[in-house]
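Engineer: Sharing a structure, written as structure tokens. Questions coming.
The values are calculated or read from the model by the stated rules, or taken from the named source; none is laboratory data. Nothing here was measured: the structure is a model prediction, and the numbers come from that model. Glycine gets a Cβ as well: all are built from the backbone with ideal geometry, and neighbour counts include every protein chain shown. The protein model used for the area step is the full one, side chains on, heavy atoms only, and it has no ligands, DNA or RNA in it. Shrake-Rupley method; radii C 1.70, N 1.55, O 1.52, S 1.80 Å.
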Amino acid sequence: MINERYYPLLATLAVCALLYGYGMFEYRAFSDTYVLGNLLTDNAFLIITAIGMTFVILSGGIDLSVGSMIAFVGVLMAELVTGFGIHPLVAVVVSLVFGGLFGAFMGFIIARFDIQPFIITLAGMFFLRGMCFLINLDSVPISHDFVSAFAGFRIPLPGRGWLSASAMVMLVAVLVGLVIAHYTRFGRNVYAIGGDRQSAQLLGIPVERTIIQVYTLSGVYSALAGVVFAFYTASAYPLAAVGVELDAIAAVVIGGTLLTGGMGFVAGTFFGGIIMGVIQTLIAFDGTLNSWWTKIVIGGLLFGFIVLQRLITRSFSGMRAGAS
Amino acid sequence: MADRAQPVLSARGVGKFFPGVKALENVDFSLMPGEIHALLGENGAGKSTLIKVITGVHPRDAGTVTLDGREIHPGHPGEAQQLGISTVFQEVNLVPTLSVAENLMLERQTRKFGLISWKKTAGDAREALKTLGLDIDINRALGSYSVAIQQLVAIARAVALDAKVLILDEPTASLDADEIKTLFGIMRSLKAKGLGIVFVTHFLDQVYEITDRITILRNGGLVGTFDTATLSQIDLINHMLGRELAEVSSHRHHAKSTATGRKNHIQIKNLGKKRVLKPVSLELSGGEIVGLAGLLGSGRTELAELVFGAQRADSGLVFMDEKPVMLRTPRQAIRAGFGLCPEDRKQDGIVPELGVRENIALALQGRRGWLRPIPRAEQDKFADEMIKALGIATPDREKPVGQLSGGNQQKVILARWLVSKPVFLILDEPTRGIDVGAHADIIKLIRDLCDEGLALLVASSELEEIVAFADRVAVLRDRELASELSGADITQNNIIEAIAR
């Protein structure tokens, strides 16, 4: 018998295979690696963000600041690179450190003062978005040889496709996320806290420290997403990535992670992000449908996954969240 | 027990004070290796405070705790665990969404090059379960197993920590008879291995079945430590409730006016719920007070909640004046004219942020339905009347109830039901945590209400109180009705005997 904890992940894989299979069946060009390469590249920043979000949601929290973080990091990099002439790699390090520190600060407030992460990260979201405009009101290009080299670097795939630098960064980020989630005590403690915070405390888990680390991780991942997004578009715009936090949450949930925390998989999130990309691609291939149909399909999928999760957790005894 | 000489765990003169409350004072407790030691006492006696002090949840304010002769100061349960004191709390404190293996090995996973080695960790988890003879799939989510299995996994985790002392806080509350047998078997084998086990429970038959010694606490103080074999059950209950068998003859024999006769006649017929309360039948009529006596966990609160629809009964019916009453939700009970003052006032009774007036208006509004709001002037009138009639000490009727003292909060809850003119009022521990002055007020109020023709069901652990006002007493034991006393039979003596029998 398959362990019931894997049901959501299996459902995600099944949906992903079905959608991709439908595409290949319906459109000949869909089976080309060209589509796959684009899928990985176009959704790289979303998937990176969603990996960080996975840890936050696994711990029972939420991080609404990630979209603004992407935009802020872009604007910051543009200012550092174009304005101050700093090498992009240094700007990347500055951005990642900033993302980590900002996340750690939000995590500290959330853990120490026991405040809903929703409201703290909402404040973080407004703050960062506002900061973007403080630095820069318009869309500016990020021009540097390194950025062009990054955008041009690609490994060819069999067929007509290729793996871009963005996609490679994303794949590495997913692998690192997998290892953190499944092979470190920190990762397992995140699951425990999301499953039952009070119990985790009594089991001797350093709850406060772990929560701070979770938001730090999410900050770093969203900053990394910002870097990838900035290199990918080679420009910075204060209104970039509006609503990406919600897309990331959707990817996490479609990836099979329980929105209340404690159950889920980083691998699931990767496929959740891919599913969202496939839906977009399918609608683009169709050509007659409005692109907003993406949202409708994703809405339906989200609903399906939430019902599935409810059915699985309802069979659990001793869940504090459930009715007693 | 061979090794009587050296206790593994010993507490001397332990005290714990919370603002305004002495939770523990000068308590001595010692646990021998290879001993199962019961820790007994009513609610508020200090059992859980003592455990929390020993395990480091609360720092102690006085006294010493020594483990193997060395004084310890654990700062939190994790530290106590490392020292060798493992605790299994009443509610299973594991993570239901994680696998059994992970729950066992959390924070103790074997690591290789900084990363968790799952193979080794799973092996350790299997090892831990084997000591308890538990054969379950360690990769499944803990939550997919019954509460009993989860409880055993919690014990396996506790024992796997090289524990010297195992504290079990009411581990049997949610187990059925077979599961308890399994648990006791495990406890005996752990005892044979030389572990000292502290067993907190309120099931006295279990105390006699498994424990070697008994320590009894009352009102934060130590009553004494006794050998289980030589302490009779009557003596045990006397120690717990703190009454010597000397009779207090304050029993008021209520001169019941038969004029009101059969009005507001409440019949409870075979009301019960699986695992909560065995079917109970009870009758009471207007102008009568029926006391509910019994130890903690005997089913007092459960009966009150079933009658009020706060828990849904799966058998039996309640009739009022020969007509059955639908009691699936408290709302239906309120509409039928029932009222409940719950045991846990802060949690289930008051809305602390709302003012006195709003709290008082709640039940009446509930009875009328939301479509017919009570005019503000009327609310003010009710509130002022009640503040005066019950002597609620509040500067004005808008003061948030959370800021009033316990006694005044209780009066507000009583007032809430009084304005809705109930016919049947259930009071669960109406005087708990209330100072002496307010205590007398509330007893008087209960009597006055009764004289006005209300039917009253009052659950209390204070026998003196029950004897003082009840016309009849229903004694509950082990979640069923043990006996009913009336008239001159209502004495503390008789109640204690009925509880102990």
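Engineer: How many residues are assigned to a loop (DSSP other than H, G, I, E, B), at pLDDT 85 or above and charged (D, E, K, R) when one looks only at the range B:400-431?
Structural biologist: Total satisfying the criteria: 0.
Engineer: What are the pairs with Cβ atoms under 7 angstrom where one residue, in the range B:358-375, is under 17 Å from residue B:339 (Cβ atoms) and open to solvent by 70 Å² or more (accessible area, probe 1.4 Å) and the other, located anywhere, is of a type outside the set (D, E, K, R) and part of a helix (DSSP H, G or I)? Sequence gap at least six, or different chains.
Structural biologist: Within 7 Å, the pairs are B:367/B:334.
Engineer: What single numbered condition from (1) part of a loop (DSSP other than H, G, I, E, B); (2) open to solvent by 40 Å² or more (accessible area, probe 1.4 Å) fails to hold for residue B:283?
Structural biologist: Answer for residue B:283: the failing condition is (1).
Engineer: Taking the stated definitions as given, is residue B:449 touching a strand residue (DSSP E or B) at 6+ places or on another chain (Cβ under 9 Å), buried (at least 24 other Cβ atoms within 10 Å of the Cβ) and either touching a residue at least 24 places away in the same chain (Cβ under 8 Å) or in a loop (DSSP other than H, G, I, E, B) (or both)?
Structural biologist: no
Engineer: Give me the residue from the range A:267-290 that is in a loop (DSSP other than H, G, I, E, B) and on the phi < 0 side of the Ramachandran plot and, out of that set, farthest from the other protein chains (Cβ to nearest Cβ).
Structural biologist: So the residue we want is A:288.
Engineer: Taking residue A:37, is it surrounded by fewer than 22 Cβ atoms within 10 Å (Cβ to Cβ), part of a helix (DSSP H, G or I) and not basic (Lys, Arg)?
Structural biologist: For residue A:37, the condition - surrounded by fewer than 22 Cβ atoms within 10 Å (Cβ to Cβ), part of a helix (DSSP H, G or I) and not basic (Lys, Arg) - is met.
Engineer: Could you tell me whether the range B:86-104 includes any residue that is touching a Leu at 6+ places or on another chain (Cβ under 9 Å) and over 30 Å from residue B:181 (Cβ atoms)?
Structural biologist: Within the range B:86-104, none of the residues are touching a Leu at 6+ places or on another chain (Cβ under 9 Å) and over 30 Å from residue B:181 (Cβ atoms).
Engineer: Here's something else I'd like to know. For the range A:1-54, enumerate the residues that are within 14 Å of another protein chain (Cβ to nearest Cβ) and in contact with a strand residue (DSSP E or B) (Cβ under 8 Å, 6 or more places away or on another chain).
Structural biologist: A:3, A:4, A:5
Engineer: Also: Considering only the range A:7-20, I want to know if a residue exists there that is modelled with pLDDT under 90 and aromatic (Phe, Trp, Tyr).
Structural biologist: Yes, the range A:7-20 contains a residue that is modelled with pLDDT under 90 and aromatic (Phe, Trp, Tyr).
Engineer: Shifting gears a bit: Any chance you could count how many residues in the range B:146-168 are surrounded by fewer than 21 Cβ atoms within 10 Å (Cβ to Cβ) and either among the charged types (D, E, K, R) or facing chain A (nearest Cβ under 10 Å) (or both)?
Structural biologist: So the answer is 7.
Engineer: Farther than 20 Å from residue A:237 by Cα, open to solvent by 30 Å² or more (accessible area, probe 1.4 Å) and among the aliphatic types (A, V, I, L, M) - does that describe any residue in the range A:124-144?
Structural biologist: The answer is no; no qualifying residue exists.
Engineer: Take the conditions within 16 Å of residue B:168 (Cα to Cα), within 14 Å of another protein chain (Cβ to nearest Cβ) and open to solvent by 10 Å² or more (accessible area, probe 1.4 Å) and apply them to residue B:55. Does it pass?
Structural biologist: So residue B:55 does not fit the description; no.
Engineer: Being open to solvent by less than 60 Å² (accessible area, probe 1.4 Å), away from chain A (no Cβ under 14 Å) and part of a loop (DSSP other than H, G, I, E, B) is the filter here, so list the residues in the range B:64-91 that pass it.
Structural biologist: Scanning the range B:64-91 gives B:69, B:72.
Engineer: Identify, by number, the condition in (1) touching a Gly at 6+ places or on another chain (Cβ under 9 Å); (2) at the interface with another protein chain (Cβ under 9 Å from one of its Cβ atoms) that residue B:110 doesn't meet.
Structural biologist: For residue B:110, the failing item is (2).
Yes/no matrix, rows are residues, columns are (1) closer than 20 Å to residue A:232 by Cβ; (2) open to solvent by 20 Å² or more (accessible area, probe 1.4 Å); (3) part of a helix (DSSP H, G or I):
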site	(1), (2), (3)
A:21	no, yes, yes
A:24	no, yes, yes
A:29	no, yes, yes
A:50	yes, no, yes
A:57	no, no, yes
A:61	no, no, no
A:67	yes, no, yes
A:75	yes, no, yes
A:104	no, yes, yes
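Engineer: A follow-up question, please. So, in the range B:317-336, of the ones that are open to solvent by less than 50 Å² (accessible area, probe 1.4 Å) and out of contact with any helix residue (DSSP H, G or I) (no Cβ under 8 Å at 6 or more places or on another chain), which residue ends up nearest to residue B:270 (Cα to Cα)?
Structural biologist: Once the filter is applied, the top-ranked residue is B:319.
Engineer: I've got another one for you. Tell me, yes or no, whether the range A:158-173 has at least one residue that is within 11 Å of another protein chain (Cβ to nearest Cβ) and not in a helix (DSSP H, G or I).
Structural biologist: no
Engineer: Can you tell me which residue within the range B:40-68, out of those that are hydroxyl-bearing (Ser, Thr, Tyr) and farther than 17 Å from residue B:18 by Cα, is nearest to the chain's Cα centre (by Cα)?
Structural biologist: So the residue we want is B:55.
Yes or no, residue by residue, for (1) charged (D, E, K, R); (2) away from chain B (no Cβ under 14 Å); (3) touching a Pro at 6+ places or on another chain (Cβ under 9 Å); (4) surrounded by fewer than 21 Cβ atoms within 10 Å (Cβ to Cβ):
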| position | (1), (2), (3), (4) |
| --- | --- |
| A:244 | no, yes, no, no |
| A:252 | no, yes, no, no |
| A:258 | no, no, yes, no |
| A:265 | no, no, yes, no |
| A:294 | no, yes, no, yes |
| A:307 | no, yes, no, yes |
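Engineer: Looking at A:200, A:225, A:236, can you tell me which residue is farther than 30 Å from residue A:83 by Cα and either open to solvent by less than 10 Å² (accessible area, probe 1.4 Å) or among the hydroxyl-bearing types (Ser, Thr, Tyr) (or both)?
Structural biologist: A:200
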